[in-house]
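To start, the structure under review is shown below, and the notes come after it.
The values are calculated or read from the model by the stated rules, or taken from the named source; none is laboratory data. Predicted model only: the values in this text are computed from it and were never measured. Neighbour counts run over all protein chains shown; Cβ positions are idealised from the backbone, glycine included.
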């Protein structure tokens, strides 16, 4: 089982959008997938509630609230045979909560918006992350993604410089488009939208997917007519055997 965590203390940087997109992708590719929501707003959980039975199944785990009569361990149980867990995290994580979340992750994706406020926030967040995790970073795969990009700005270039300085790879940038809002409001992912509408977004996701598949073995995608277009969004990593 591989745990992919979308993590940043800054709110509004697109953690839920990225989490739901990844969960949709892996479920559509035939992985037994769970989406764990630590955010008290439960946006990922609500997105799952809107999905149709005909769509690839994603197991929902509400990690934000303790349930009466249930141990925490059982509440966070991902289910037998789960292969990929995508973890959506809340804003404001720091201190002990950040340590707890860090320890749960195999891979960490850090989304950041290309503006000066988010740049300053993510720099402080990364500094804190590096301070307590410097002796354990070798056991984690960490990368940054720039989100909601309209065009390259001076701030964009500063994020690239921060990535280089921190030694955290910048593996992709995602455009600012209404497609993500439409997908969230419909219980869908970009990979389930028509290719004629989402082709630009799929192309931007490709390097992110390829990077993830360096640690997650590939498999044959789900063969369902309704999701035949998923076959157009495939990892390009040679070691991943997908048709």
Taking only the range 130-161 into account, find how many residues are touching a strand residue (DSSP E or B) at 6+ places or on another chain (Cβ under 8 Å) and under 24 Å from residue 214 (Cβ atoms).
11
Being touching a helix residue (DSSP H, G or I) at 6+ places or on another chain (Cβ under 9 Å) and surrounded by fewer than 21 Cβ atoms within 10 Å (Cβ to Cβ) is the filter here; which residues of the range 108-117 pass it?
115, 116
Filtered residues of the range 153-162 (kept if closer than 22 Å to residue 201 by Cβ and without any contact (Cβ under 8 Å) to a residue 24 or more places away in the chain):
160
Checked pairs for the range 195-217, first surrounded by 17 or more Cβ atoms within 10 Å (Cβ to Cβ), second in a helix (DSSP H, G or I), C-beta under 6 Å and 6 or more apart or across chains, list as 198/179; 198/190; 201/179; 201/190
So residue 14, is it at pLDDT 95 or above and at positive phi
yes
Answer yes or no as to whether residue 23 is part of a helix (DSSP H, G or I) and farther than 14 Å from residue 88 by Cβ.
no
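So that you can scan it fast, the table gives a plain yes or no per residue for (1) modelled with pLDDT under 95; (2) over 22 Å from residue 63 (Cα atoms):
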residue	(1), (2)
98	yes, no
101	yes, no
114	no, yes
118	no, yes
122	no, yes
129	yes, no
132	yes, yes
156	no, yes
Restricting the search to the range 78-101, which residues are within 19 Å of residue 26 (Cα to Cα) and in contact with a strand residue (DSSP E or B) (Cβ under 8 Å, 6 or more places away or on another chain)?
78, 79, 82, 83, 84, 85, 86, 87, 88, 89
Can residue 162 be described as at pLDDT 95 or above, in contact with a helix residue (DSSP H, G or I) (Cβ under 7 Å, 6 or more places away or on another chain), crowded, with 17+ Cβ neighbours inside 10 Å and in a helix (DSSP H, G or I)?
yes
Scan (1) farther than 29 Å from residue 127 by Cβ; (2) surrounded by fewer than 20 Cβ atoms within 10 Å (Cβ to Cβ); (3) under 16 Å from the mean Cα position of the chain (by Cα) for the single condition residue 188 breaks and write down its number.
(2)
Hits in the range 205-223 (condition: part of a helix (DSSP H, G or I) and either more than 18 Å from residue 16 (Cβ to Cβ) or more than 14 Å from the chain's Cα centre (by Cα) (or both))
206, 207, 209, 210, 211
Residues of the range 39-57 being surrounded by 24 or more Cβ atoms within 10 Å (Cβ to Cβ) and over 14 Å from residue 191 (Cα atoms), in sequence order, are 44, 47
